[in-house]
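S.K.: Have a look at the structure that comes next, please.
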Amino acid sequence: MSKLFKGRSSDVSSSSPSSSSYCATALTPYCAKRGFTLIELLVVIAIIGILSSVVLVSLNSARVKAANTSIKSNLTTIRGQAELWYDDNGNKYGPVGTDAASADNCKLDNSMFADPTITAAINKAKESSGSATGILCGSNGTSYAASVPLKDDATKSWCVDNMSNSMEGIASYTSPTFQCVVPTSNSPTSNSPTSNSPTS
């Protein structure tokens with residue numbers, strides 16, 4: 001009897017709520033009330049915060065790349081449409097005598113920039129850039145160039161011209177032609193080329 005009682009006592013003890021293995025084998029109100037410790041919650045919150053930061057950085061980078069791609073794509077549209085405008089308007093890209101690239105030239109009524117397709121492309125590139133300044137256009141009888149600041153760095157622009165250049169640079173005038181050049185300063189509105197020859 002003594003041994004039997006001791007055995008039963010041991011069984012009861014091993015299945016009591018204070019036992020370390022109790023909640024692993026039993027579903028009781030006692031086990032249901034157990035929650036996370038403060039340290040466990042802080043660790044989970046920290047992990048979620050780190051993962052969120054990584055996702056946000058990646059998302060922002062993807063948006064910037066998409067915006068720059070849109071700028072380049074819209075400026076590429078200008079190149080093809082400019083040649084159509086040239087053929088339909090006396091083999092000229094714009095008024096003879098224009099000798100400076102500026103934002104105002106993007107709106108000249110008697111130049112290729114008055115073409116609806118080119119106007120729409122410039123506006124879409126400007127919208128993707130998010131920059132209110134630094135947009136340059138220029139055209140005369142024999143040449144044209146247009147540049148729009150990039151999304152990730154407003155001091156850098158993407159430029160296209162009639163010499164098949166599609167490059168990081170700005171629209172500039174070096175007599176007697178408009179062309180894409182690398183600026184001498186970090187300013188996207190600079191109109192001074194580093195050389196008289198564009199780079200491709």
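The values are calculated or read from the model by the stated rules, or taken from the named source; none is laboratory data. Note that the coordinates shown come from a computational prediction; the quantities given were computed from them, not determined experimentally. Please note: Cβ atoms are built from the backbone with ideal geometry, for glycine as well, and neighbour counts cover all protein chains shown.
S.K.: Quick check on the stretch 122-140: of everything there that is among the hydrophobic types (A, V, I, L, M, F, W, C) and farther than 12 Å from Ala101 by Cβ, which residue is surrounded by the most Cβ atoms within 10 Å (Cβ to Cβ)?
M.R.: Taking the stretch 122-140 as the starting set, the residues that turn out to be among the hydrophobic types (A, V, I, L, M, F, W, C) are 122, 125, 132, 135-137.
Next, from what is left, pick out any that are farther than 12 Å from Ala101 by Cβ: 122, 125, 132.
Values: Ile122: 23, Ala125: 25, Ala132: 10.
The selected residue is Ala125.
S.K.: Kindly provide the set of residues from the stretch 59-76 that are within 15 Å of Ser166 (Cα to Cα), in contact (Cβ under 8 Å) with a residue 12 or more places away in the chain and either of a type in the set (Val, Ile, Thr) or not in a helix (DSSP H, G or I) (or both), ordered by number. Please lay out each step first, then the result.
M.R.: Restricting attention to the stretch 59-76, the residues satisfying the condition of being within 15 Å of Ser166 (Cα to Cα) are 68-76.
Within this subset, residues satisfying the condition of being in contact (Cβ under 8 Å) with a residue 12 or more places away in the chain are 68, 70-72, 74-76.
Scanning the stretch 59-76 gives Ile71, Thr76.
S.K.: Quick check on my filter: what residues within the stretch 146-155 are outside any strand (DSSP E or B) and at pLDDT 95 or above?
M.R.: Of all residues in the stretch 146-155, those outside any strand (DSSP E or B) come to 150-155.
If the condition is that a residue be outside any strand (DSSP E or B) and at pLDDT 95 or above, then Leu150 is the only one that fits.
S.K.: I've got another one for you. Quick one: is Ser143 modelled with pLDDT of 95 or more and buried (at least 22 other Cβ atoms within 10 Å of the Cβ)?
M.R.: Details: modelled with pLDDT of 95 or more: yes; buried (at least 22 other Cβ atoms within 10 Å of the Cβ): no.
So Ser143 fails the test.
S.K.: Next question, about the same structure. Name every residue in the stretch 93-145 that is aromatic (Phe, Trp, Tyr) and closer than 18 Å to Ser73 by Cα, in order of residue number.
M.R.: The first filter runs over the stretch 93-145 and keeps only residues aromatic (Phe, Trp, Tyr), leaving 93, 113, 144.
The answer is Phe113, Tyr144.
S.K.: Kindly provide the set of residues from the stretch 151-177 that are farther than 28 Å from Asn89 by Cα and surrounded by fewer than 24 Cβ atoms within 10 Å (Cβ to Cβ), ordered by number.
M.R.: Selection gives Lys151, Asp152, Asp153, Ala154, Thr155, Lys156, Glu168.
S.K.: Say we look at the stretch 77-136 and pick out the residues that are among the hydroxyl-bearing types (Ser, Thr, Tyr) and assigned to a loop (DSSP other than H, G, I, E, B); which of these is farthest from Lys65 (Cα to Cα)?
M.R.: As a first pass, look at the stretch 77-136 and keep what is among the hydroxyl-bearing types (Ser, Thr, Tyr): 77, 86, 93, 98, 102, 111, 117, 119, 128-129, 131, 133.
Those left that are additionally assigned to a loop (DSSP other than H, G, I, E, B): 93, 98, 111, 131, 133.
Values: Tyr93: 31, Thr98: 34, Ser111: 31, Ser131: 15, Thr133: 20 Å.
Within the stretch 77-136, the match that is farthest from Lys65 (Cα to Cα) is Thr98.
S.K.: On the basis of being buried (at least 18 other Cβ atoms within 10 Å of the Cβ) and either farther than 17 Å from Gly169 by Cα or in contact with a strand residue (DSSP E or B) (Cβ under 9 Å, 6 or more places away or on another chain) (or both), does Leu108 make the cut? Talk me through it step by step, then tell me what you get.
M.R.: Details: buried (at least 18 other Cβ atoms within 10 Å of the Cβ): no; either farther than 17 Å from Gly169 by Cα or in contact with a strand residue (DSSP E or B) (Cβ under 9 Å, 6 or more places away or on another chain) (or both): yes.
No; evaluated as a whole, the condition is false for this residue.
S.K.: Does the stretch 49-72 contain at least one residue that is within 15 Å of Cys137 (Cα to Cα), crowded, with 16+ Cβ neighbours inside 10 Å and either in contact with a His (Cβ under 8 Å, 6 or more places away or on another chain) or modelled with pLDDT under 95 (or both)?
M.R.: No.
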